[in-house]
1. Which value in deg cm²/dmol, rounded to the nearest 500, describes the helix-derived mean residue ellipticity at 222 nm for the chain, given -39,500 (n - 2.57) per DSSP H run of n ≥ 4 and division by the residue count?
2. What FRET efficiency comes out for the pair residue 126/residue 74, r = Cβ-Cβ distance, R0 = 35 Å, nearest 0.05?
3. Where both residues lie in the chain, what percent of DSSP beta bridges are antiparallel, nearest 5?
4. Set the Förster radius R0 to 30 Å, insert the Cβ-Cβ distance between residue 22 and residue 53 as r into 1/(1 + (r/R0)^6), and round the FRET efficiency to 0.05.
5. Find how much the distance from residue 111 to residue 30 grows on full extension, using 0.36 nm per residue of separation minus their present alpha carbon separation; answer in nm with one decimal.
6. Please report the relative contact order for the chain, taking Cα pairs under 8 Å with a sequence separation of at least 6, and give it as a percent rounded to a whole number.
7. Taking every pair of alpha-carbon atoms in region 2-111, give the share separated by more than 18 Å as a whole percent.
8. Can you give me the C-alpha center-to-center distance between region 17-64 and region 77-138, rounded to a whole angstrom?
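Where a number appears in this text, it was derived from the coordinates with a stated rule and is not lab data. Please read all numbers here as calculations on a predicted model, not as lab measurements. For neighbour counting, all protein chains shown are included, and Cβ atoms are generated from backbone atoms with ideal geometry for every residue, glycine included.
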C-alpha cells in the first residue's frame, strides 16, 4: 500500500508506505490551533515508511515532547512527531486520497467541541492513551 502526499503548494511531496499503525482523531487545544480545525486526524506510520520525494518540512517544537512539520511556503501542516520515537503522524489533509484511511480512536475528548458528534463505537480517551478508554466497559 502506497499513499502519495504533499502540501497545498506542491513544494513538498512524499510517499507513505504500508498501513497506518493507528489513526487517532485528536481534540486537544494545540491540534485545533495548529490546523485551524475543530479536530485533527493523523495516522501514524514508522518513520522509515515516510519517503520524501521533493522538499523538506520546516519543524516547529510545539512542546517539550513533540514537534510538528509544515511547509514554509504555504503553511500546510504535514507532520506530528513525538520526540524519541520511530513513528511519525501524517496529517490526513496531506494525503492525495485520504478516503481509505479510517480513524481508530479519539484522543482528548475532554476538549471536544460540544456540537461535534463522535463515533462512540471507537475508543474514546479523556486525554491521551495512558489510561483506559472512558467508554470501555470493565
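1. -1500 deg cm²/dmol
2. Efficiency, rounded to the nearest 0.05: 0.50.
3. Just about 90 percent of them are antiparallel.
4. The formula returns an efficiency of 0.75 here.
5. 28.1 nm
6. 25
7. The share of Cα pairs beyond 18 Å in region 2-111 comes to 44 percent.
8. When both Cα centres are located, 11 Å separates them.
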